[in-house]
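A short worksheet on the structure shown next.
Please treat every number below as a calculation from the coordinates, not as lab data. Source: prediction; values computed, not measured. Ideal geometry is used to build each Cβ from the backbone, glycine not excepted, and the neighbour counts take in all protein chains shown.
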Amino acid sequence: MKFKLLTLLIVFFLFEVHASSSNVEQNQIFKNIRCLVCQGQSIADSNSDFAQTIKLVIKDKIKEGKTEKEIYNFLIEKYGQWIVYKPPMNGSNFLFWLFPYLIFIAGGVVIIMFFKKKENN
Amino acid sequence: MQKTIKLIIVGIFILIVGVFYLSLNKNSNYDTRNLVGKKLSEIHIESFYEDKYLTNDILKKNNFLLINFWASWCSPCRTEHPILMKLNREKNLSIIGVNFKDKKSNANLFLKNLGNPYDFLAKDELGKHSINFGIYGIPESILINNDLLILKKFVGPLSTADYKEIKSIIIKK
């Protein structure tokens, strides 16, 4: 009896963990998809007709076993990069992605040179 | 030494100006232009009258195909309807109407009152299939050729200018 109860609890616990993790992933995707007919809102924040439809499609894709990246690629193919808040790096936007790192490296070079100059003096 | 630091600072300044110049000149509004020239895949639309799906063979029957997304509750769809009726007379063009998130009785009444310009009628009750076509509102129309290549996408009601453009494209062939 105790064993059965324990098994039931474990199964229930595993089911809950799975349900909550897929829900987190779903919300994460919703937050990264722009509502094209709204003013600066993600589909997670919008109740517009378009947002509701995209949510349904994303839920279907998750059920089909598609990964987060595959879902983004599907929507980018249909609506362009504007639909995602965090677009993947490509030829037209690589500068925006590299900019913080370039600043970081340039800052490091300036600091090193500053200390070298101080040492020489 | 001082020269190098100055050079780095000037370089960063130019980079910042360049980044702002690029991003501020970029059109941030959604544009469907990126779909033109792409091939339609995953065509999966349910027939309006029967319990079956439209196949690629039906879509490839004519040289050109106009896929029009409409609903009886959509006022601009009424505005563009006479244009669709005119386009229906073109021999080189088939028209598919995708009835979008609509009630069947209302859609039938709409077509009865205004005429039926569609060679095939499909339905998308939940609007999910329209996502495959990059639709985000109705009316929208997509002109494709029999290779399922998107030639033109029209967002909003078709105008007389759009009619002339469609005609010029289909006559060229």
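A few remarks follow.
- Note on B:LYS104: aspartates and glutamates with a C-alpha under 16 Å away, same-chain residues under 8 apart excluded, are B:GLU46, B:GLU50, B:ASP51, B:ASP124, B:GLU125.
- Rel. contact order, % - alpha carbon contacts under 8 angstrom, at least six apart, chain B: 28
- In degrees, nearest ten, helix A:94-120 long axis to first principal axis of chain A (Cα): 40
- Helix B:2-25 axis, angle to chain B major axis (alpha carbon atoms, nearest 10°): 20
- Table column - 3J(HN,Hα) (Hz), region B:125-134, Karplus curve with 6.51, -1.76, 1.60, x for Gly and Pro: 4, 9, x, 6, 5, 5, 4, 4, 9, x
- Helix-derived mean residue ellipticity, 222 nm - over chain B, DSSP H n ≥ 4, -39500 (n - 2.57), to 500: -12000 deg cm²/dmol
- Karplus-based coupling profile of region B:65-76, in residue order and whole Hz: 9, 10, 9, 10, 9, 8, 7, 6, 7, 9, 5, x, with θ = phi - 60° in 6.51 cos²θ - 1.76 cosθ + 1.60 and x standing for Gly or Pro.
- Residue by residue along A:71-82, Cβ atoms of other protein chains within 10 Å of the local Cβ number 4 on average.
- Restriction of the chymotrypsin sites (Phe, Trp or Tyr not before Pro) in region B:59-132 to DSSP coil positions whose beta-carbon has at most 15 other beta-carbons within 10 angstrom yields B:TRP73.
- More than 24 Å apart - percent of Cα-Cα pairs taken over chain A: 53
- Region B:1-114: projected area of the alpha-carbon convex hull, averaged over directions, in nm²: 12.3
- Distances between placed amide hydrogens fall under 5 Å for B:VAL98 paired with B:ASN68, B:PHE69, B:TRP70, B:ALA122, all partners being 5 or more residues away or on another chain.
- Ordering of A:105-115, A:34-44 by burial proxy (mean other Cβ atoms within 10 Å per residue, highest first): A:34-44, A:105-115
- Relative contact order of chain A, defined on C-alpha pairs under 8 angstrom at six or more residues apart (%): 17
- Kirkwood-type hydrodynamic radius, the protein assembly as shown: 23.0 Å, calculated from all non-identical alpha-carbon pairs.
- Amide H contacts under 5 Å for B:LEU54, placed H, 5+ residues apart: B:ILE45, B:GLU46, B:SER47
- Region B:39-172: Rg to Rh, with Rh as the Kirkwood radius over Cα pairs: 0.92
- Counting only alpha carbon atoms, the long axis of helix A:68-79 and the longest principal axis of chain A meet at about 80°.
- Placed amide H near A:SER42: partners under 5 Å, 5+ positions off or other chain: A:CYS35
- Bridgeable lysines around B:LYS167 (alpha carbons under 27 Å apart, same-chain partners fewer than 8 residues away excluded): A:LYS78, B:LYS38, B:LYS39, B:LYS60, B:LYS61, B:LYS86, B:LYS91, B:LYS112, B:LYS123, B:LYS152, B:LYS153.
- Loop-located GluC sites (Glu not before Pro) in region B:68-173 (DSSP state not H, G, I, E or B) with no more than 16 neighbouring Cβ atoms inside 10 Å: B:GLU125.
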